[in-house]
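Every read-out reported here was derived from the displayed coordinates using simple, explicitly stated rules and does not represent laboratory data. All of these numbers come straight from a predicted model, not from anything done at the bench. Quick reminder, even Gly has a Cβ in these numbers, built from the backbone with ideal geometry, and neighbours come from all protein chains shown.
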Amino acid sequence: MKFIFDRETWQEIYGSIRKNKLRTVITVIGVTWGIFVYIGLSGAAKGLDNGFEKEFKDIATNSMFVWAQRTSMPYEGFKIGRPMQLKLGDKEALENQNPEIQFIAPRNVKGIFGDAPAQVVRGLKSGNYSTFGDFPVVDKIAKKKIFDGGRFLNDEDIEMERKVCVIGERVQKELFEKDENPLGQYIRIDNIYFQVVGVQKFEDGGGFEDDSAIYIPFTTYRKIYNMGDNVSWFAIAAYDDADIVGLEKDIKQSLKRIHKAHPEDERAFGSFNLGEAFGKIMGFSKGMNFLSLIVGIATIIAGVIAIGNILLISVKERTNELGIRRALGATPREVRGQIILESVFLTIIAGFIGIIFGAFTLAVINALTSGQDGFPYTNPTVPIPMIIGALLIMVILGTLIGLIPAQRAVSIRPIDALREE
Amino acid sequence: MIEIKDLHKSYQMGSNSLHVLKGINFSVKEGELVAIMGSSGSGKSTLLNILGMLDESDSGDYTLDGVEIKNLNETKAAKYRNKFLGFVFQSFNLINYKTAAENVALPLYYQGIKRKERIEKALKYLEQVGLRDWATHLPSELSGGQKQRVAIARAMAAEPKVLLADEPTGALDTTTSYEVMDLIQKINDQGNTILVVTHEEDIAHMCKRIVHLKDGVIMEDKVIEQVRAEQYV
């Protein structure tokens, strides 16, 4: 151990490395490249991971939609093809029957599923915008970002059936002047005046909304459009640890029971499971992580083997020198130690260079892509434990691979080594 | 200083066995300057290699400074070499990427002497061989005679009991050869024991004793009148 921390040892190693520049450089390139690939790949995988997470951060990732369709099987005297209709009362029934449900939001909309969007007018400006009838809880399932000063719908709006609305960015742009504050202003939605209470900052979250949506209280909506207890669809978020795929089945089963559809009728209710889709994407990014780990480590191993290879050649080249050293009193242990340390030292230096280059490349890629929307690539980093792990692997491999040329070096008898010219 | 009894050594050459040393009996006292002579194939280099622990004998006794040399493993041999012996080779065998001073300091490194002291000592020995000003030069920047003088300084730096020189003048011209011999004589004057392997008569006559080897046995072992190399320099 003393040997490793001895300054003299390192001076010898430094001398021999410095005086064999070309060999050193070639040796270093192999491992540098290996660790560079490793850092680059796992950083990119992590960036992708972060990117997906950012894209989905405003949605409860364990969420789903469920809507009504037509039956495809006759049941209890009802004929095939009967249209199904979700009711407001289903909410409570579903909540009672499925305790995994964390939030459930009944939603109505005008202007998405083929019907005409609401005609919205303000002064001389007008436009057609899809209008949602919503409960405040929908904000918990798919986050609605509101610009400063405004608010989303609240429980009182629902209770009082207030004529208030939250408008999308584009609605504001099209109905208001640039320097105008829309908050507190009135717009006419299908000829009824609504006060604007908030402007939504739009972020694509995989729903039906876009940047020109208008949200009004569910109760107000149903009154204006004569919806009664009808609901277009439910947005449902489950607790984080709930099995979303199982819940999806359970909910549809509950709905079939309530609405007297055949229990095996697959088409009575439709659903889209964000949780499942999200899980698939996350699985993909996990796979990428794994792949980058395998490829990276394989490349590092290849690099370290190259170091061993080059050291082996260099030992052959230095046979005479090693013979001289041994004639002058170097013990086999010292010769072996020197070559292994050279190997480990080169590996580590190469590793650090690779890490620096890798980090630099990741930073450049991050800078180039950070402004772009819809490109799921954010903050590519490599976790410290992975770097330490890589360094550790390099040290171990460097030692092991160094053993081969070291053994070779001491297996040559000094007398033969000296004869070598 | 050196005591050899009935030394045998043979090499396997394919199916043939080549008997190189056939029972050598030989002793060297402290302060002697011995020339080992013989034509090529006479076994003189083999003898020197065995004396230098670079090679092992098949049978026979070898005592160096009262220490019996046998059953050496490489580690032990390395320690003895470092402690007892200094080597000078025909082809100098300097490490080409180390400066003259670093080359001279190398055996001291393996003795575990600190760097500062090492460099000081190396410079002292370079001074002795007259190459103090060349300390920072690489071997490639030195002439053959200078290289051999650096090699001698290196051999002396470890303060060995015996200096073994294998054809030290073999790669040098006559004038340079005499310069090197002059240096060896001066080192011998200080009381160092030196063995020189050579096949050149004039070089051999600059020693104090000549041992003639032929076909693996000692033909002749005589003390001679030393010719000083100074007069030719």
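Students often get this wrong: which residues of the stretch B:108-126 have the backbone nitrogen under 14 Å from the point 7 angstrom along Cα-to-C-beta of residue A:7? So the set is B:113-119.
Sorting A:166, A:66, A:295 from the fewest to the most surrounding beta carbons within 10 angstrom yields A:295, A:66, A:166. Here each label is just a point 7 Å from Cα along the line to Cβ, and for residue A:333 and residue A:201 those points are 6.7 nm apart. Under the simplified labelling scheme, the residue B:127-residue B:173 pair shows an inter-label distance of 3.1 nm, with each label point 7 Å from Cα along Cα→Cβ. Calculate, for residue A:369 and residue A:400, the FRET efficiency according to 1/(1 + (r/R0)^6) with r their C-beta to C-beta distance and R0 41 Å; round to the nearest 0.05. My answer for the efficiency is 0.60.
Among B:200, B:68, B:102, the largest mean-square fluctuation in a Gaussian network model of chain B, built with springs joining Cα atoms closer than 10 Å, belongs to B:68. With the convex hull built on the Cα atoms of the stretch B:99-141, state its orientation-averaged projected area in nm². Orientation-averaged projected area of the Cα hull: 2.7 nm².
Other residues within the sphere of radius under 12 Å centred on the Cβ of residue A:265, judged by their own Cβ, net out at +4 (K and R +1, D and E -1). Given chain B, report the % of alpha carbon pairs whose separation exceeds 29 Å. I get 27 percent for the Cα pairs in chain B exceeding 29 Å. Taking all Cα pairs closer than 8 Å and separated by 6 or more residues, the relative contact order of chain B comes to 28 percent. Check the stretch A:102-237 and count each lysine pair with an alpha-carbon distance under 16 angstrom, considering only pairs eight or more places apart or from different chains. Number of lysine pairs found: 10. Summarising the strand pairing of the stretch A:102-237, around 70 percent of its internal DSSP beta bridges are antiparallel. When you work out D = kT/(6 pi eta Rh) for the stretch A:177-286 at 20 °C and 1.002 mPa s, using the Kirkwood radius from C-alpha pairs as Rh and the Stokes-Einstein form, the result is 120 µm²/s.
When only C-alpha pairs under 8 Å and at least 6 residues apart count, what is the relative contact order of the stretch A:102-237, in percent? Computed over the stretch A:102-237, the figure is 36 percent. Please report Rg over Rh for the stretch A:1-111, where both radii come from the alpha carbon positions and Rh follows the Kirkwood definition. Computed over Cα atoms, the ratio is 1.50.
Cα convex hull, the stretch A:102-237: 105 Å³ per residue, rounded to a whole number. One decimal place: the segment residue A:282-residue A:257 gains 5.6 nm when fully extended, by the rule 0.36 nm per residue minus the C-alpha distance. Taking only the Cα atoms of the protein assembly as shown, the radius of gyration and Dmax are 45.2, 137 Å. Listed by number, the DSSP H helices of chain A that run 18 Å or longer by alpha-carbon position along their axis and have mean Kyte hydropathy of at least -0.5 are A:21-55, A:244-258, A:274-317, A:332-369, A:384-411.
Would you mind checking the stretch B:82-110 for residues with the amide N under 15 Å from a putative spin-label position 7 Å along Cα→C-beta of residue B:143? Residues passing the 15 Å test: none. As a length-normalised measure over Cα pairs under 8 Å and 6 or more apart, the relative contact order of chain A settles at 29 percent. Taking only Cα atoms and a 10 Å spring cutoff, compute GNM fluctuations for chain A and point out the largest among A:321, A:161, A:55. Result for chain A, Cα springs under 10 Å: A:321 fluctuates most. Sparse packing (at most 14 other Cβ atoms within 10 Å of the Cβ) combined with a DSSP loop state is found for the following GluC sites (Glu not before Pro) in the stretch A:244-308: A:264, A:266.
Computed about its Cα centre, the charge dipole of the stretch A:102-237 is approximately 140 debye, with only Lys, Arg, Asp and Glu carrying charge at their Cβ.
Distance between the 7 Å Cα→Cβ label points at residue A:14 and residue A:119: 8.6 nm.
Given R0 = 25 Å, the distance between the Cβ atoms of residue B:220 and residue B:63 translates into a calculated FRET efficiency of 0.60.
If R0 is 56 Å, the Cβ-Cβ spacing of residue A:143 and residue A:392 corresponds to a FRET efficiency of close to 0.85. The lysine pair count for the stretch A:21-100, using Cα distances under 26 Å and pairs eight or more places apart or on different chains, is 5. Cut-off 10 angstrom, C-alpha nodes, Gaussian network model of chain B. Which of B:80, B:110, B:178 fluctuates the most? Highest fluctuation of the listed residues: B:110. For chain B, the Cβ-based charge dipole about the Cα centre amounts to some 820 debye (Lys, Arg positive; Asp, Glu negative; other atoms uncharged).
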